Amino acid sequence: MNLKDLYIDFFVRHGHKQIPSAPVVPENDPSVLFNTAGMQPLIPYLMGQPHPYGTRLCDYQKCIRTNDLEEVGDTTHHTFFEMLGNWSLGDYFKQESIEWSYQFLTNDLKIPASRLAVTVFAGNDIIPFDTESYEKWLSLGIPESRIAKTVEDNFWIAGESGPCGPDTEIFYFRSDEEIPETFDPEDNRWVEIWNNVFMQYHKDVNGVVTELPNKNVDTGMGVERTTAILEGVKDNYESSIWKDVINLISEISNVPYDGEYKRSMRIIADHMRTAVFISADPSGIKPSNTDQGYILRRLIRRAIRHAKNLNIDINSDWENRIATLLLDKYKTYYKELDDNYQIVLEVLKKEKEKFNKTLEKGLREFEKAVRNKDAIDDITAFHLYDTYGFPIELTIELANERGISVDEEGFEKKFKEHQELSRTASAGKFKGGLAGDGEIETKYHTATHLLNAALKEVVGPDVHQKGSNITSERMRFDFSCDHKLTEEEKSRTEELVNKWIEEGLEVHVEEMKKEEALSSGAECMFIEKYPDIVTVYTIGDNISKELCGGPHVQNTKELGHFKIKKEEASSAGVRRIKAILE
Ligand code: SER
C-alpha cells in the first residue's frame, strides 16, 4: 500500500470518515484562487457548522500554492501537492491526536522514533504554553531534548484571519549523518512532516482572537515529502511519485536526469502535473489572462519554454504523452481526471499551439532587447507579454539567466492599466447592448458597496465583508455579524441604501499605492490579493471607500430601488443578505 492508502486506512480504523478531496478551486471562498491546505474547504465546519459526515474526518486534498513559483526546480518545491489530513470537529483533542500521529509514524510507517523530534507552542500574552502537548510527547517517550518550544512557528492560521490555534509539528531527521542529541528546528537536516493544529480560536480581520464554539484538530502531512523520506531519497523527484514522469521526460528529450538538465526536467514535471489538475477541475478553468486561468497559462508556458531548453521538439506530442501518464497515474484517486481526460489533453494542446506560434519570435525579440543592456524596462517586459504572450516570470527567468534585471514594478503597473482599459472597453460594449446584463451587474457592484457601508452604520463598525456574488438577477453579500438582523435593522439598512441612491452621489475612482489606500481608511476584503497600485472607489463624501477592481456606475441614481429579499446565516459569525435592484 502507498502512503495515501495507509493513512486513510489508519484513520478509518480510528473512527474517521473519509471525505472526498474538494476541487482545487474553492467553491465558496473568493479569498484564495486555489485550495492551499486540507483545512480550507472545511472552514465552515471548523467554525461550528455540523459536517454531514460527522465529527471525525480524514482525506487527501489537492492543494496548489503558486507563491514560490521560482523555487520550483529544486528538490522539494512543488506547485501542486497532496495533503493528508485528519480532523476532529469538537470530538477528540490533543491526547488522541498526538497519540495517533505517533502510532501511525512509528507502527504503520515504521519510522524509528529516534529519527523524530517535535515542536510545541511556547506561549505568548494571549495563549499559554501548550503543557498538554508537551507532556503527551514526553509520555510517548520523546525525550525533552527532542522537544523544542517556539512561538511564531507553532501557531497556525491560513492567511490573516480565520480559525487558528497553537500547533505541534513533527520533524524527521533526513540525513545520513549522526542524529544530534538535541533537536534544533533551524537545522535543515530536520524536515517537518506533519503539523497538528489545535484549532480552538478564531482571529477576526481586526486581529481580535476569540474562542471557537468547538475545540478542533486540523492536521496536515505532505504526501510528496513524506513519500521521499520513506523511500530514502533526498530529491523528491527520485521518489516513486515522480520517477516515471522524469523517466518519460528523459526519454522524450533524450537527455539523462542529470546536472544542468535537472532543473528544466523538474519544472516540466511539476508544472505539467499542476496544469493537468487545474484543467481537470470541475470549475472548468481554461488558460486565460486573469485569475486561475492565468496561473494555468503561466504554468503551461513555463513548461513549454523548459521543454525547449531540453531541445524537445515542442510541436510534437510531448505534452500529450506526459499528461497521459499523469492522468493514468492519478485517475483512480481523483475521478475528475477520468471524467475530463480528453478535455485536459485538449486544453494543453491548444495552449501549446497558441504559445508555440509566438515563442520563437518572442525569444528573438528578447535577445534583441537585452543586447548591450543590463536591465529590461517596463515597456519591453509589457511588450513581451502583450505581443508574444510571455508571462512576467518567464521574462524574469530569461533575464536572470543572463544576470540582468527586470522592472517588475513598472510591468505590474502597465499590466494593471491594461486590465483597466479592457474593463472599460467591455463596459462600453455592454452599454452598446452587445451583452445585455453587464450594465445590471455593474449596478449590483456599486449597490454592494452601499450595502456594506449601510450595515456598518446600522449594525456597527465591526461589520466586514466576507464574500459577495453577483448575477444579473440579484446580489449576495456575506458579512461578519454575530446575530440575525432584526426587522428594524433590515429596514433601516434598506432605507439608508435607498436614501444614498436618491441623493444621486458621484462615484469617484482613483489609483494609489496600496499602503496609501489603507491609511486613508479604504476598506478591503483581502489585502494580499491586491497589487501594489490599487484602484479605490469612493461614493459621495466618503460614504463608502473601498479597494475594488470595479466596474461601477458613475452616479448612484442609476441604481433604481434597492430591496433586501433574504437575510440568513452563512456560517458561524457570518450572515448573508440577498438583495435586488428593481
Ligand atoms: N492546516 C495546517 C497546515 O496546512 C495543518 O493541516 O499545515
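The values are calculated or read from the model by the stated rules, or taken from the named source; none is laboratory data. Model, not experiment: these values are computed from the prediction. Neighbour counts are summed over all protein chains in view; Cβ atoms, including those assigned to glycine, are modelled from backbone coordinates with ideal geometry. These accessible areas exclude ligands, DNA and RNA; they are computed on the full protein's heavy atoms, side chains included. Shrake-Rupley method; radii C 1.70, N 1.55, O 1.52, S 1.80 Å.
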- 2 or more residues touching a Phe, Trp or Tyr at 6+ places or on another chain (Cβ under 6 Å) and under 15 Å from Phe34 (Cβ atoms): qualifying helices (runs of 4 or more DSSP H) within the range 240-340: 261-280
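Among the residues of the range 213-232 satisfying the criterion of being open to solvent by 20 Å² or more (accessible area, probe 1.4 Å) and in contact with a Gly (Cβ under 9 Å, 6 or more places away or on another chain), which is farthest from the ligand (Cβ to nearest atom)?
Here the answer is Pro213.
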- Does at least one position in the range 233-242 carry a residue that is open to solvent by less than 10 Å² (accessible area, probe 1.4 Å), basic (Lys, Arg) and either more than 16 Å from the ligand (Cβ to nearest atom) or closer than 30 Å to Gly467 by Cα (or both)? no
- Quick one: count up the residues across the range 471-484 that are over 25 Å from Gly207 (Cβ atoms) and more than 27 Å from the chain's Cα centre (by Cα). 4
- Considering the range 177-195, residues that are open to solvent by less than 40 Å² (accessible area, probe 1.4 Å), touching a Phe, Trp or Tyr at 6+ places or on another chain (Cβ under 7 Å) and away from the ligand (no atom under 16 Å from the Cβ), and then whichever is nearest to Asn86 (Cα to Cα), we arrive at Trp190
- Determine whether Phe155 is surrounded by fewer than 23 Cβ atoms within 10 Å (Cβ to Cβ) and in contact with a Phe, Trp or Tyr (Cβ under 6 Å, 6 or more places away or on another chain). no
- Item | Matching residues in the range 286-298 - criterion: being under 15 Å from the mean Cα position of the chain (by Cα) and either buried (at least 23 other Cβ atoms within 10 Å of the Cβ) or under 14 Å from Lys349 (Cβ atoms) (or both) | Ile295, Leu296
- If we keep just the residues of the range 93-104 that are of a type outside the set (S, T, N, Q) and within 28 Å of the chain's Cα centre (by Cα), which is surrounded by the most Cβ atoms within 10 Å (Cβ to Cβ)? Ile98
- Message: Filter the range 114-149 down to the residues that are touching a residue at least 12 places away in the same chain (Cβ under 8 Å), open to solvent by 40 Å² or more (accessible area, probe 1.4 Å) and under 29 Å from Asp9 (Cβ atoms) and list them by number.
- Response: Ser114, Arg115, Glu132, Gly141
- What residue, of Ile193, Ile157, Ile170, Ile111, is touching a residue at least 24 places away in the same chain (Cβ under 8 Å), of a type outside the set (D, E, K, R) and over 23 Å from Gln40 (Cα atoms)? Ile111
- Query: Inside the range 196-207, can you point out the residues that are of a type outside the set (Val, Ile, Thr) and either under 22 Å from Glu96 (Cα atoms) or within 15 Å of the ligand (Cβ to nearest atom) (or both)?
  - Reply: Asn196, Phe198, Met199, Gln200, Tyr201, His202, Lys203
- Query: With Gly73, Gly85 as the choices, which residue is of a type in the set (Gly, Ala, Ser), open to solvent by less than 10 Å² (accessible area, probe 1.4 Å) and within 16 Å of the ligand (Cβ to nearest atom)?
  - Reply: Gly85
- Pairs, please: C-beta under 6 Å, at least 6 apart or cross-chain, first residue open to solvent by 60 Å² or more (accessible area, probe 1.4 Å) and in the range 196-210, second away from the ligand (no atom under 14 Å from the Cβ)? Lys203/Ser161; Lys203/Val209; Val205/Ser161; Val205/His464; Thr210/His202
- Could you say which residue among Leu84, Leu57, Leu42 is within 15 Å of Asn216 (Cα to Cα), out of contact with any His (no Cβ under 7 Å at 6 or more places or on another chain) and either hydrophobic (A, V, I, L, M, F, W, C) or outside any strand (DSSP E or B) (or both)? Leu42
- Every residue from the range 33-57 that is within 13 Å of the ligand (Cβ to nearest atom) and over 21 Å from Pro213 (Cα atoms): Asn35, Thr36, Ala37
